[in-house]
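Chemist: Structure below; questions to follow.
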Amino acid sequence: MFSSKLVSAAELSAFLDGETDPSRRALLREHLRTSPADAQRLTRWRQREEALRATFAPAIREGAGPMAPLARSLDQKVFPRDRRPEARVLGESSRPAEEPIRGAVGGGIGALAIAGKRQRRHTLIVAAAAFLAGAVAMLAAIALIDGASRITALYTPAAQTSQDSH
Amino acid sequence: MKRNIVERLTGRLRRFARALHADQPPGAADDLVRETIEAALTARDTVERADIRICLFHHMIDKARAAQKDKPAPVAAPPADPDMPDISAALAGLRFEERTAYLLVALEEFGYADAATVMRVPYDVLATRVAQARMRIDDFFEEASRRSSATRGTPPGHLRIVK
């Protein structure tokens, strides 16, 4: 149905990495159903890359190893002390003067981007809690203001009329 | 905990360096990782980058490329054991830019956009390099299997790829 000439090796490669344009995805799937050679090629690439990751997996298990102290000193530079990146923007005396302050925000974003799924979930929970706390505080404030204005309205008839006019 | 992100990333840096330096003596990879972190420590842009992972891999590739230029171009070494051609030998036969692009995507599992940022090349250039690397590795294994069947004097196997 689809000639293999319509699908280049480059497109197949991008498909393997999930980088295919959405408009071409269905066509590629159809192509792979009808072209066993390209389907085989894709499988071969996928298996080879699994083997590649398996070959070099020991390095991940070894972790930082002797480089740990050096890595920690970079951690100190990029994410100094506290965990909340925003807090560092407000006057952090330990930072060298020449370092741009907005850099700290960038580092913070990086921290969020890097953080694993569990941390992301944690961040979400904290954000949701903060949002709820804010909402409750706002409602409380509104109720307070409302109550206060009602009390003042009771004692000052002028305020009552002005409120009615709204 | 957002603490010790670099420390946890270092294992990944070491893995990448070993694959990138597949053709070099052991120890070269960890030297590269050390240089990378040191570069990131002194670089002003380290904390300006939105993503420390992208930043570190960028430094690593810069360092490795510079080292590559100092040394004579590596000869695409034939696999040590022709019966067992391995991925390290295939990687060593790739051009530096192709190997880097391929490893960023296939080993480190960066998306193309991030990998392109790491390499400071446009998206399409990155995509092309990855595809070229894959085809070149195919050629390497094809050539290796042809050579091994030739040395063993067996007729071409039934699994030979016909183009």
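Chemist: What are the residues in the range B:118-143 that are more than 12 Å from chain A (Cβ to nearest Cβ) and under 15 Å from B:H58 (Cβ atoms), if any?
Modeler: Selection gives B:V118, B:M119, B:R120, B:V121.
Chemist: Sort out which residues of the range B:89-106 are part of a loop (DSSP other than H, G, I, E, B) and surrounded by 21 or more Cβ atoms within 10 Å (Cβ to Cβ), and write them in order of number.
Modeler: Once the filter is applied, which keeps residues that are part of a loop (DSSP other than H, G, I, E, B) and surrounded by 21 or more Cβ atoms within 10 Å (Cβ to Cβ), the range B:89-106 yields B:G93, B:L94.
Chemist: So, one more: I want to confirm something. Restricting to the range A:49-65 and keeping residues that are within 18 Å of B:N4 (Cβ to Cβ) and touching an Asp or Glu at 6+ places or on another chain (Cβ under 9 Å), which single residue is farthest from the other protein chains (Cβ to nearest Cβ)?
Modeler: My answer is A:G65.
Chemist: Restricting attention to helices (runs of 4 or more DSSP H) lying wholly within the range A:1-81, give those where 3 or more residues are modelled with pLDDT of 95 or more, crowded, with 18+ Cβ neighbours inside 10 Å and of a type in the set (A, V, I, L, M).
Modeler: A:9-16
Chemist: Just a yes or no: is a residue in the range B:33-45 modelled with pLDDT of 90 or more, surrounded by 15 or more Cβ atoms within 10 Å (Cβ to Cβ), in contact with a helix residue (DSSP H, G or I) (Cβ under 6 Å, 6 or more places away or on another chain) and acidic (D, E)?
Modeler: Within the range B:33-45, one or more residues are modelled with pLDDT of 90 or more, surrounded by 15 or more Cβ atoms within 10 Å (Cβ to Cβ), in contact with a helix residue (DSSP H, G or I) (Cβ under 6 Å, 6 or more places away or on another chain) and acidic (D, E).
The values are calculated or read from the model by the stated rules, or taken from the named source; none is laboratory data. It should be emphasised that the depicted structure is a prediction, and the values quoted were computed from it without experimental measurement. So basically every Cβ, Gly included, is an ideal-geometry build from the backbone, and we count neighbours across all protein chains shown.
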